[in-house]
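Report on one structure; see the data block that follows.
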Amino acid sequence: MKRAELGEKDIRIHDYDDPAGGWGSVGSLFRNAREQDLLSSDIYRTLHRQNKAEGFMCVSCSWAKPKEPHLFEFCENGAKATMWEQTAHRCSPEFFAEHTISELLEWTDCELESAGRLTDPLKYNPATDKYEPVSWDVALAEIAIHLQALDPDEVIFYTSGRASLEASYMYQLFARIYGSPNLPDSSNMCHESTSVGLPEAIGSPVGTVQLEDFDQADMILFFGHNVGVTAPRMLHALQAAREKGVPLITFNPLPERGLVRFKNPQAPTEMLSPQPGTPMSSDFYQVKAGGDIAAITGICKHLLVLDTMSQEAGKGGVLDHEFIAEHTAGFDEFRAFVDATEWPEIERKSGLSRDALEHVADIYASKERVILNYGMGITQHREGVDAVRMICNLLLMRGNIGKPGAGVSPVRGHSNVQGQRTVGISEKPELVPLDKLAEFYNFEPPRHKGLDTFEGCEGILRGTVKAFIGLGGNFSRAVPDTGVIEEAWRELDLHVQIATKLNRNHLLAAKSTYLLPCLGRSERDHQASGDQWVSMEDSTANIHGSFGAQSPASNNLLSEPKIIAELAKATVGTRSDVPWDDWVGDYSLIRDAIERTYPDDFRDFNIRFTHPGGFHRDIVACNREWKTENGRANFGCPSSLIGDPDVAPFRDEDTLTLLTVRSNDQFNTTVYGYDDRLRGIHGTRMVVLMNRDDMAHFEVSAGDLVDMRCAVNDGVERIVEGLRVVPYSIPQGNCAGYYPELNILVPLAHHARKSHVPATKSVPVRINKAAAA
Ligand SMILES: Nc1nc2c(c(=O)[nH]1)N[C@H]1C(S)=C(S)[C@@H](COP(=O)(O)OP(=O)(O)OC[C@H]3O[C@@H](n4cnc5c(=O)[nH]c(N)nc54)[C@H](O)[C@@H]3O)O[C@H]1N2
Ligand SMILES: Nc1nc2c(c(=O)[nH]1)N[C@H]1C(S)=C(S)[C@@H](COP(=O)(O)OP(=O)(O)OC[C@H]3O[C@@H](n4cnc5c(=O)[nH]c(N)nc54)[C@H](O)[C@@H]3O)O[C@H]1N2
Ligand SMILES: [Mo]
């Protein structure tokens, strides 16, 4: 069933002044339940179990789950994600009998996933141009024969960040026993800048903040994270802090609603009150895209001045000199860099005034426990790793890492993206205990570096990658340069996807193509020893159990661990001592194996993982133990003051810097609908948000249709036609639009230098009035 096309009459664009949360959020939930044909009583029962110790963990974001949950511990977007998985709609073999792949390629992302849950294994038939049903045995046996004929280095084993710790541990073992080190995952497009920057600075690839720290913090900073949309449950902790008067200072080119005002939809008195919600940010600075390194340099510069003044006045200084001396290295070089950077350059590159940055420094200098949260606005730039280092510099100056109520908080995306890395999903061999795997399972794992997402794309384009196995995700749609990637995909020998719902990547047929449907996390997973639990790690390094209780969407679904085990048995059955069948029969044995491999992180795994609030992995940086090469926390100097030295608007006034963002109605490439309530945009995603001065410069008006071209001149024409101009509060020289529709404009080579994260928050573009306009 295709959703009705939206037309001109459905498009409505207006200023949105209501708070995030509030009645708008409740209304959006009911609409979603109706669209998925769900009974409210069923949905009530399911949502009641969401993010509870005895229930299932949300399939949406990775934000921490409290020990003492609210009656309903979910947000608007978490509930939408659950309803999307629980939908009454089915994408069965009958659906595929009615539609060719070529026809489905004309459907939008939202229309494809709206077809419902995949129900049966499918194989693509080029003669009919259709997916056709195939038995599990035949599909798995054929895939194994294909894999056996390929060179393992030519095969990619991709993971999107949802699969459980159990499934992920098995998946990386399967890939390595087969001989492939190519284990890229969605974090290669996401927080990889964190995974590279934080270990250099503090010796930990993950953040140091836990939920309890928010109760003790006396200042909270946000850089480049849209909390009201992408981690809304966090708003509860922020609201409590704001009500105590804790300053919350935000740096973001867009005035995101969740960081402006919030009304808690779970607090009846608040909902009925005519007040417009809690003001969230005490100060909001619309930094230019890529201007954060300059902005933080400015804050640090004023801190140095305040420190000198304080010392001259006979006080102790505002920096934590004891901490710097005892725990850190590189401070003198960093101080010299900051001293040498002049204010006019800082102001020009950040787009913020000296007064504003000095004001932030004044507050920061007066607070003892500061948490700094950040997201994709920091990591998805050419110098995203340096921006992460700058964030650490700022925190280290006042000893704000490794004490209660303070720390660095990279807010991760997918619900188990952090955990997958913890249990061996990585293309970097040095991050995985390969010797142990070799010893425990009696095989020789590949020791060379595998392909990350960027290198995987390069391999697909060059023809050196011959096969792609996807454990979830929508790889070709999420990566940059989607146009050329889609073309090259057809040359692959083998394409296998393990998925819950149909997406555009599944429609890219290779020489042999299989679509394998799996259970969702909210569904009962019955195996030989009974119904199974799985587990995942949240953004604060807490491990939680998750128990699905809903009836599966079809009787012909297998769990992810079962599919991986069967593929492994068919492909590399006798090449290791992994007891695949025993593990699938009882997932607690997989948890034992994880604990044996990572004894420090997973002590008493099977006992502790169902405790309310989960258990915390030992992150030693929280105790000021630095697992860096020199055993210290390291200051680092950025190589440039801006996130994207080679990008406009610093180069040319006809080039805009495009930042691609998420709407309130999507989870990555899963597009629930065409409304972005919190930005006042309804009925379309084909928009470009522009500053009014830029609109005058380009001679366009509100509602005009424009074509957008990538300004990088490398011989590839990248164009998106028919974007509707929306005047918006955004710094001059920047414009914004939605991911994934605009990914076609992002050159693959435009990625973070040190981490390969696509620089999707700074794409140089030009716009022209559409020919038809
Ligand atoms: N509802 C919902 N929840 C999600 C997701 C979703 O798609 N929908 N995705 C999940 C995933 S995988 C992830 S990684 C996270 C992503 O969560 P976020 O990190 O919040 O992701 P984005 O919306 O891409 O962008 C974040 C913000 O960065 C700002 N920004 C852009 N450029 C800059 C800059 O140069 N500097 C600064 N300071 N800010 C900038 C944008 O205006 C935007 O508000 O959310 C997760 N949760
Ligand atoms: N321009 C631009 N591009 C970006 C970004 C950006 O901000 N701007 N953000 C990047 C980021 S942060 C990320 S994380 C990536 C996301 O990239 P991916 O993780 O690859 O993409 P998703 O959209 O999350 O994948 C959605 C699909 O996952 C499948 N799925 C859902 N649930 C399950 C499940 O339980 N099991 C299995 N096996 N499959 C399931 C469904 O088939 C669904 O269609 O995109 C990146 N791309
Ligand atoms: Mo992400």
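Could you identify the single residue in Leu352, Leu396, Leu357 that is in a helix (DSSP H, G or I), touching a strand residue (DSSP E or B) at 6+ places or on another chain (Cβ under 6 Å), away from ligand 3 (no atom under 16 Å from the Cβ) and farther than 25 Å from Asn188 by Cα? Let's see the steps before the verdict.
Working: Leu352 fails: in a helix (DSSP H, G or I); Leu357 fails: touching a strand residue (DSSP E or B) at 6+ places or on another chain (Cβ under 6 Å).
Testing whether each residue is in a helix (DSSP H, G or I), touching a strand residue (DSSP E or B) at 6+ places or on another chain (Cβ under 6 Å), away from ligand 3 (no atom under 16 Å from the Cβ) and farther than 25 Å from Asn188 by Cα leaves just Leu396.
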Requested in this report: Have a look at Glu8, Glu98, Glu76 and point out the one that is modelled with pLDDT under 85, open to solvent by 40 Å² or more (accessible area, probe 1.4 Å) and among the charged types (D, E, K, R).
Outcome: Glu8
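Would the stretch 702-712 turn up any residue that is surrounded by fewer than 20 Cβ atoms within 10 Å (Cβ to Cβ) and either touching a Pro at 6+ places or on another chain (Cβ under 6 Å) or of a type in the set (Ser, Thr, Tyr) (or both)?
If we filter the stretch 702-712 for residues that are surrounded by fewer than 20 Cβ atoms within 10 Å (Cβ to Cβ), which is where we start, we get 702-705, 707, 709, 712.
Applying the additional criterion that residues be either touching a Pro at 6+ places or on another chain (Cβ under 6 Å) or of a type in the set (Ser, Thr, Tyr) (or both) yields 702, 712.
Yes.
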**Report entry** Residue that is farthest from Met219 (Cα to Cα), among those in the stretch 366-379 that are open to solvent by less than 10 Å² (accessible area, probe 1.4 Å) and within 16 Å of ligand 3 (Cβ to nearest atom)
**Finding:** Thr379
**Report entry** Residues of the stretch 649-671 satisfying the condition of being within 24 Å of Asp10 (Cβ to Cβ), away from ligand 3 (no atom under 16 Å from the Cβ) and open to solvent by less than 10 Å² (accessible area, probe 1.4 Å)
**Finding:** Asn664
Report summary line: Looking across the stretch 408-444 at residues that are charged (D, E, K, R) and within 16 Å of ligand 1 (Cβ to nearest atom), the single one that is most open to solvent (accessible area, probe 1.4 Å) is Arg421
Query - Enumeration of residues in the stretch 398-407 that are of a type outside the set (Lys, Arg) and open to solvent by 10 Å² or more (accessible area, probe 1.4 Å) - result: Gly402, Pro404
Query - Members of the stretch 750-773 found to be aliphatic (A, V, I, L, M) and either open to solvent by less than 20 Å² (accessible area, probe 1.4 Å) or within 16 Å of ligand 3 (Cβ to nearest atom) (or both), listed by number - result: Ala752, Val757, Ala759, Val763, Val765, Ile767, Ala770
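Given the residues Asn182, Asn188, which is the only one that is farther than 16 Å from Pro561 by Cα, touching a Gly at 6+ places or on another chain (Cβ under 6 Å) and touching a residue at least 24 places away in the same chain (Cβ under 8 Å)?
Asn182
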Report summary line: Scanning the stretch 137-146 residue by residue, the ones that are closer than 12 Å to Leu516 by Cα and either at pLDDT below 95 or open to solvent by less than 50 Å² (accessible area, probe 1.4 Å) (or both) total 3
Query - Test for Pro205: is it out of contact with any helix residue (DSSP H, G or I) (no Cβ under 7 Å at 6 or more places or on another chain), within 16 Å of ligand 1 (Cβ to nearest atom) and within 25 Å of Asn393 (Cα to Cα) - result: no
**Report entry** Extreme residue, surrounded by the fewest Cβ atoms within 10 Å (Cβ to Cβ), among residues of the stretch 110-136 that are in contact with a Phe, Trp or Tyr (Cβ under 6 Å, 6 or more places away or on another chain) and closer than 16 Å to Val496 by Cβ
**Finding:** Lys123
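Yes or no, residue by residue, for (1) within 30 Å of Pro126 (Cα to Cα); (2) over 26 Å from the mean Cα position of the chain (by Cα):
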site	(1), (2)
Leu519	yes, no
Glu523	no, no
Gln532	no, yes
Ser539	no, no
Asn556	yes, yes
**Report entry** Subset of the stretch 147-164 [within 14 Å of ligand 3 (Cβ to nearest atom) and either open to solvent by 10 Å² or more (accessible area, probe 1.4 Å) or of a type in the set (S, T, N, Q) (or both)]
**Finding:** Thr159, Ser160, Arg162
Query - Subset of the stretch 302-315 [assigned to a loop (DSSP other than H, G, I, E, B) and on the phi < 0 side of the Ramachandran plot] - result: Ala313, Lys315
Report task. Would you confirm whether any residue within the stretch 761-773 is within 12 Å of ligand 2 (Cβ to nearest atom) and in a loop (DSSP other than H, G, I, E, B)? Result -> yes
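Identify, please: which residue in the stretch 445-460 is in a loop (DSSP other than H, G, I, E, B) and within 21 Å of the chain's Cα centre (by Cα) and is, among those, surrounded by the most Cβ atoms within 10 Å (Cβ to Cβ)?
Leu451
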Query raised in the report: surrounded by 18 or more Cβ atoms within 10 Å (Cβ to Cβ) and over 21 Å from Asn400 (Cα atoms): does that describe Ile346?
Result: yes
Query raised in the report: If you go through the stretch 534-548 one residue at a time, do you hit one that is over 30 Å from Gln210 (Cβ atoms) and in contact with a Phe, Trp or Tyr (Cβ under 8 Å, 6 or more places away or on another chain)?
Result: no
**Report entry** Residue check for Arg596: under 21 Å from Pro433 (Cα atoms) and either in a loop (DSSP other than H, G, I, E, B) or open to solvent by less than 70 Å² (accessible area, probe 1.4 Å) (or both)
**Finding:** no
Report summary line: All-but-one check, Thr250 against (1) in contact with a Leu (Cβ under 6 Å, 6 or more places away or on another chain); (2) surrounded by 24 or more Cβ atoms within 10 Å (Cβ to Cβ); (3) over 23 Å from Asn77 (Cα atoms), failing number (3)
**Report entry** Residues of the stretch 461-471 that turn out to be touching a residue at least 40 places away in the same chain (Cβ under 8 Å) and either in contact with a His (Cβ under 9 Å, 6 or more places away or on another chain) or assigned to a helix (DSSP H, G or I) (or both), as a count
**Finding:** 5
**Report entry** Residue match in the stretch 289-301 (condition: touching a Lys or Arg at 6+ places or on another chain (Cβ under 6 Å), part of a helix (DSSP H, G or I) and touching a residue at least 24 places away in the same chain (Cβ under 8 Å))
**Finding:** yes
Query raised in the report: Looking at (1) open to solvent by less than 50 Å² (accessible area, probe 1.4 Å); (2) in contact (Cβ under 8 Å) with a residue 24 or more places away in the chain, which is the only condition Gly27 fails?
Result: (2)
Query raised in the report: With the stretch 472-581 as the region, which helices (runs of 4 or more DSSP H) entirely inside it contain at least 3 residues that are open to solvent by less than 20 Å² (accessible area, probe 1.4 Å) and not hydroxyl-bearing (Ser, Thr, Tyr)?
Result: 482-489, 560-572
Requested in this report: Just give me the residues in the stretch 174-196 being more than 16 Å from ligand 3 (Cβ to nearest atom) and either within 18 Å of the chain's Cα centre (by Cα) or more than 29 Å from Thr660 (Cβ to Cβ) (or both), in sequence order.
Outcome: Phe174, Ala175, Arg176, Ile177, Tyr178, Gly179, Ser180, Pro181, Leu183
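The values are calculated or read from the model by the stated rules, or taken from the named source; none is laboratory data. This one's a predicted model, so the numbers in the text were calculated from it and none came from an experiment. Glycine gets a Cβ as well: all are built from the backbone with ideal geometry, and neighbour counts include every protein chain shown. Just the protein is used for accessible areas: all its heavy atoms, side chains included, with ligands, DNA and RNA removed. Shrake-Rupley method; radii C 1.70, N 1.55, O 1.52, S 1.80 Å.
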